[in-house]
There are 2 protein chains.
Amino acid sequence: MSDMKPNIAAAKAALSHIEMDESPVTIRNKSRDFFWYSPVLKAEMDHLEADFVVNPKSEAEVIEVLKVCYAHDVPVTMRGGGTGNYGQAMPLAGGCVMHITGMNRIKEIGQGYVIAEPGIIIKELDAELKEKSGQELRMFPSTYSQASLGGFVAGGSGGVGSANWGALRDLGNINRLRIVTMEAEPRVLEFTGEELHRVSHAYGTNGIITELEMPLAPAYDWVEMFVRFDTFRAATEFAGTLTKEPGILIKLASVYGAPIAHKYFQRVKAHVTEDDHLCGLMVAPQSMDGFLTLLARFDEGEVIYRSDDVVWDRHPGPIYEYGWNHTTLRALKFEKDLTYLQVRYGGDVDKVMAASEAFADKLYMHLEVMREGGGISFAGLPIVQPMSKAELDQLVADHEAMGCMIFNPHRYTLEEGGRQSADQRQLDFKREADPKGLLNPGKMITWDEPDFDYSDMYSYKGILPKPEAAE
Amino acid sequence: MSDMKPNIAAAKAALSHIEMDESPVTIRNKSRDFFWYSPVLKAEMDHLEADFVVNPKSEAEVIEVLKVCYAHDVPVTMRGGGTGNYGQAMPLAGGCVMHITGMNRIKEIGQGYVIAEPGIIIKELDAELKEKSGQELRMFPSTYSQASLGGFVAGGSGGVGSANWGALRDLGNINRLRIVTMEAEPRVLEFTGEELHRVSHAYGTNGIITELEMPLAPAYDWVEMFVRFDTFRAATEFAGTLTKEPGILIKLASVYGAPIAHKYFQRVKAHVTEDDHLCGLMVAPQSMDGFLTLLARFDEGEVIYRSDDVVWDRHPGPIYEYGWNHTTLRALKFEKDLTYLQVRYGGDVDKVMAASEAFADKLYMHLEVMREGGGISFAGLPIVQPMSKAELDQLVADHEAMGCMIFNPHRYTLEEGGRQSADQRQLDFKREADPKGLLNPGKMITWDEPDFDYSDMYSYKGILPKPEAAE
Ligand SMILES: Cc1cc2nc3c(=O)[nH]c(=O)nc-3n(C[C@H](O)[C@H](O)[C@H](O)COP(=O)(O)OP(=O)(O)OC[C@H]3O[C@@H](n4cnc5c(N)ncnc54)[C@H](O)[C@@H]3O)c2cc1C
Ligand SMILES: Cc1cc2nc3c(=O)[nH]c(=O)nc-3n(C[C@H](O)[C@H](O)[C@H](O)COP(=O)(O)OP(=O)(O)OC[C@H]3O[C@@H](n4cnc5c(N)ncnc54)[C@H](O)[C@@H]3O)c2cc1C
């Protein structure tokens with residue numbers, strides 16, 4: 001890509017019949033996502049801006065955009081809700097941002113599945129599913145009210161519902177994806193089975209999703225709760241045990257180590273002390289008897305809030321907006337310099353406790369419990385004290401030395417946010433589907449630099465120069 | 001109980017306004033269940049017969065029966081579908097059999113739960129649930145078409161659905177039970193939480209269930225399949241891995257070691273060889289893509305039958321009638337002297353394989369995979385070659401020596417069919433609810449003989465004498 005000269009003007013002219021944003025403010029806004037969560041990414045990406053933004057309403061228009069941009073060597077970066085927190089949706093090399101939320105129809109609702117367009121906002125999809133069929137998506141990101149279905153599949157990993165159904169990438173959690181390639185004549189492909197992984201969580205680097213078939217679960221009036229514990233271990237053990245119980249149906253099991261709730265959860269503050277550890281939970285109403293029975297088996301553990309019986313003066317809002325990356329968001333509102341990590345501890349409470357103790361002066365523990373192949377896994381999103389990039393890198397290394405896997409949220413590439421190695425299926429498919437390397441350039445290291453050694457953060461060579469540097 | 005003299009005639013007279021069976025054939029039939037599955041139980045129980053059988057239609061009539069029988073020292077043994085296979089429903093001391101299938105109303109269907117009377121046949125309940133609400137019970141015994149809901153909760157342990165939801169006793173799988181005690185003035189009690197375990201799987205020894213609130217799951221058009229494997233290990237590993245996948249929704253995962261399918265499954269025989277090992281599966285339609293993807297990751301594994309695309313000349317019928325105790329039933333139809341065991345191997349495939357090899361000349365392996373606290377458990381119902389009671393006892397001991405837990409199906413007491421120790425909650429509640437010990441006498445050892453040492457099979461002293469002995 002980096003050697004090509006995009007002909008922006010020609011592409012814009014050829015696409016003039018498709019809805020385009022003209023206001024510079026809108027173009028700038030639609031070139032940004034939640035990258036600023038990371039101080040590291042903020043320093044690298046704050047200046048990025050697309051040359052133009054198109055808003056296609058149909059697959060035919062998507063095809064046209066891809067064909068035209070291909071012809072004129074213009075990079076294309078997709079944007080759904082723009083809530084990604086690794087700069088996934090940000091156009092490193094400028095060019096075209098394709099904003100897809102206008103392509104948002106529900107095509108079919110069946111028993112156990114839905115077929116929809118990628119731009120639909122997940123909360124709106126769920127509302128219609130619930131009304132029409134008593135069903136809902138198995139899982140959603142905590143950015144429920146803003147995120148698009150396609151953006152979740154292309155950029156997300158799991159969320160509220162993963163306590164029951166596992167991660168988005170687990171077999172059975174996506175049924176079918178329809179894809180458009182970026183070639184002289186874009187092709188439309190349908191993927192199922194192993195082929196799904198070519199494009200799921202690929203940041204739109206190798207194909208554009210134009211239709212999704214997703215499995216559904218029954219919609220219940222989930223009872224949302226905060227449960228207080230005296231120790232972090234007790235809260236963690238309870239959340240883990242709860243998630244393991246096969247007969248108790250839950251949707252969310254978060255653990256907020258002290259002092260997170262008291263310090264950052266404004267409407268919870270009055271009900272906890274600095275030393276209280278909380279679980280944030282969503283439990284099916286028909287599982288409340290089993291839930292309360294389990295809770296009573298734990299010495300500590302006190303339900304301080306129930307959504308089906310709110311006695312607090314100020315309603316705390318939906319519990320899922322305390323979990324997953326919303327925990328970090330709430331902390332950032334109070335302390336702008338805080339940062340965070342994404343850690344996988346596995347299913348072992350002792351390992352969680354060891355990390356909690358080892359890094360007690362550097363971070364506050366926050367866990368999300370997920371079902372994972374025959375067991376559970378504690379996914380950590382600890383809130384990290386302000387520190388330099390070098391210190392943060394050290395903290396990552398220290399975690400890895402303890403056997404904790406890090407998905408580094410301070411990187412914008414697929415590999416660095418994942419397992420630091422090529423996903424061969426994604427790379428192979430990019431060769432087929434995006435021969436010019438125009439789709440979301442700079443996000444797949446192995447496309448640009450197959451021999452990259454991961455000793456330091458990857459810097460895409462084609463990234464737009466920073467204003468100072470450009471002067 | 002054993003010292004009391006039941007006044008049968010007085011009790012019958014006092015209950016004459018309640019429906020009673022008069023035909024000796026009916027009385028004999030309603031005094032028997034599937035005890036004959038076990039050659040050991042057959043030898044001990046074949047002669048048992050109630051003095052009379054009542055068929056109450058309401059809780060008020062249940063209360064009357066209990067009150068009258070209490071007054072006249074008449075033992076009362078409950079009967080639902082009479083499909084229990086440990087003689088649970090058989091009146092060891094004669095007296096009254098209370099047949100409850102006339103008390104079979106559905107009282108309320110809600111989102112995620114149902115409230116019903118105990119006598120309803122499970123298949124009929126599910127049909128109505130599905131029609132009215134798109135829901136079904138989480139699990140059912142393979143005797144679906146004959147078993148009652150109350151009999152399942154009082155006498156069963158799990159079944160089709162346990163691959164997802166775990167065992168009936170797991171927290172959350174029963175929500176509420178309404179109970180009538182056997183006292184001078186019977187009391188009506190409502191149990192939830194820990195109290196459920198007083199009476200669930202208590203064989204009606206300490207209270208009569210008159211209403212149940214059960215959690216529901218969505219009803220899907222489950223795809224039923226047989227999948228063929230070359231080795232027992234491969235079939236076992238596949239069934240285990242499948243059950244562990246959080247995103248693939250299944251209802252049944254059975255493994256039939258060779259030569260079970262060829263030898264005993266009449267309509268399957270033509271499609272397998274003597275050396276083929278089968279999995280019998282029920283998979284949600286929306287999980288078929290994930291399922292087939294997983295299957296393709298296993299070298300072997302060939303779908304030979306799918307209920308959504310039947311190409312066999314003769315329809316094999318529902319897959320669940322091949323699983324759980326139906327496997328044994330099918331074998332018994334061919335070889336009357338065969339017997340069986342109930343084994344828990346835990347989640348470790350190697351332990352299953354070790355048992356399979358150690359006992360290769362004595363049994364054919366049959367497994368049911370269940371979800372169990374954070375993992376899975378292989379529940380074995382191996383088909384055992386004809387052998388004497390002493391040899392069978394030795395086989396049990398050999399299993400236990402390998403660390404396999406046995407739930408002995410050749411015993412009629414709660415303790416011997418379970419963990420060979422008192423269930424203190426059940427015993428304590430029997431003291432309260434059945435002070436005269438009239439409910440299903442002889443089934444709870446710890447009530448009769450607290451110091452029993454389990455060195456040999458328990459023989460209830462009050463059991464009706466065998467005809468020869470009686471002469
Ligand atoms: C507060 C907060 C909480 C979050 N919680 C979660 C969480 O619980 N779980 C989770 O997984 N993530 C979470 N995230 C990350 C993000 O919100 C989600 O992944 C979300 O689903 C992204 O959807 P979106 O529509 O905003 O995608 P965008 O940010 O618009 O896009 C995400 C990626 O997908 C690509 N893309 C978008 N549409 C398409 C398409 N049609 N075809 C191909 N590629 C496409 C984009 O180019 C980009 O690379 C959170 C982020 C924040 C800021
Ligand atoms: C071929 C076959 C397959 C089977 N498969 C399974 C299986 O998959 N899973 C499983 O768990 N079991 C299984 N069983 C055992 C049995 O079929 C089930 O447990 C079934 O649910 C029993 O229901 P029922 O109505 O026939 O009970 P019954 O046999 O009539 O009664 C069972 C016990 O409950 C008591 N009881 C009945 N009603 C009440 C009441 N209202 N209040 C209090 N006590 C009561 C009886 O006294 C008796 O002790 C199987 C048996 C056979 C023969």
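Here, each number is a calculation from the coordinates, and none is a lab measurement. Because the structure is a prediction, the values reported are computed rather than measured. Quick reminder, even Gly has a Cβ in these numbers, built from the backbone with ideal geometry, and neighbours come from all protein chains shown.
Below, the figures for the structure above:
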{"item": "Footprinting exposure proxy for B:LEU137, B:LEU338 (fewest neighbouring C-beta atoms within 10 Å first)", "result": "B:LEU338, B:LEU137"}
{"item": "Dipole magnitude (debye, nearest 20) for the stretch B:223-406, charges at Cβ of Lys, Arg, Asp, Glu", "result": "500"}
{"item": "Net charge of neighbours whose Cβ lies under 10 Å from the Cβ of A:MET457, counting Lys and Arg as +1 and Asp and Glu as -1", "result": "-2"}
{"item": "Viscosity 1.567 mPa s, 4 °C: Kirkwood-radius Stokes-Einstein D of the stretch B:106-218 over Cα pairs, µm²/s", "result": "93"}
{"item": "Set of lysines near A:LYS5 by C-alpha distance (under 22 Å), chain-local residues within fewer than 8 positions excluded", "result": "A:LYS67, A:LYS430, A:LYS436, A:LYS443, A:LYS461, A:LYS466"}
{"item": "Cα principal axis extents for the protein assembly as shown, largest first, Å", "result": "114, 66, 49"}
{"item": "Surrounding net charge for A:TYR220, when Lys and Arg each add one and Asp and Glu each subtract one, Cβ distance under 13 Å", "result": "-2"}
{"item": "Which of B:VAL227, B:MET387, B:HIS326, positive extreme of dipole for chain B (C-beta unit charges)", "result": "B:HIS326"}
{"item": "Test item: A:239-250 mean partner chain Cβ contacts at 10 Å", "result": "6"}
{"item": "Relative packing of B:151-159, A:357-365, which averages over residues the other C-beta atoms within 10 Å, highest first", "result": "B:151-159, A:357-365"}
{"item": "Only Lys, Arg (+1) and Asp, Glu (-1) charged, at Cβ; the protein assembly as shown dipole about Cα centre in debye", "result": "1200"}
{"item": "Sites A:ALA9 and A:MET405 - FRET efficiency at Förster radius 51 Å, r taken between beta-carbons, to 0.05", "result": "0.65"}
{"item": "Least to most buried among B:LYS5, A:LYS269 (fewest other Cβ within 10 Å first)", "result": "B:LYS5, A:LYS269"}
{"item": "Nearest-first distances (nm) between copies at B:PRO259, label 7 Å from Cα via Cβ", "result": "7.5"}
{"item": "Alpha-carbon centroid distance for the pair the stretch B:122-164 / the stretch B:227-289, whole angstrom", "result": "22"}
{"item": "Label spacing, shortest first and in nm, from B:LEU292 to its equivalents in the remaining copies (7 angstrom along Cα→Cβ)", "result": "4.6"}
{"item": "Estimated 222 nm signal from helices in chain A, with DSSP H stretches of n ≥ 4 weighted -39500 (n - 2.57), rounded to 500", "result": "-8000 deg cm²/dmol"}
{"item": "Using a 7 Å Cα-to-Cβ projection, A:PRO435 label spacings across copies, nm, ascending", "result": "9.2"}
{"item": "Computed lengthening from B:LYS466 to B:LYS132, 0.36 nm per intervening residue step minus Cα-Cα distance", "result": "115.3 nm"}
{"item": "Per-pair calculated FRET efficiency, R0 = 25 Å: B:LYS123 and B:VAL303 via Cβ, rounded to 0.05", "result": "0.45"}
{"item": "Positive minus negative residues near B:TYR70 (Lys, Arg vs Asp, Glu; Cβ under 10 Å)", "result": "-2"}
{"item": "Residue order, fewest to most surrounding Cβ atoms within 10 angstrom, among B:VAL160, B:VAL188", "result": "B:VAL188, B:VAL160"}
{"item": "Span from the the stretch A:358-424 Cα centroid across to the the stretch A:23-84 one, whole angstrom", "result": "27"}
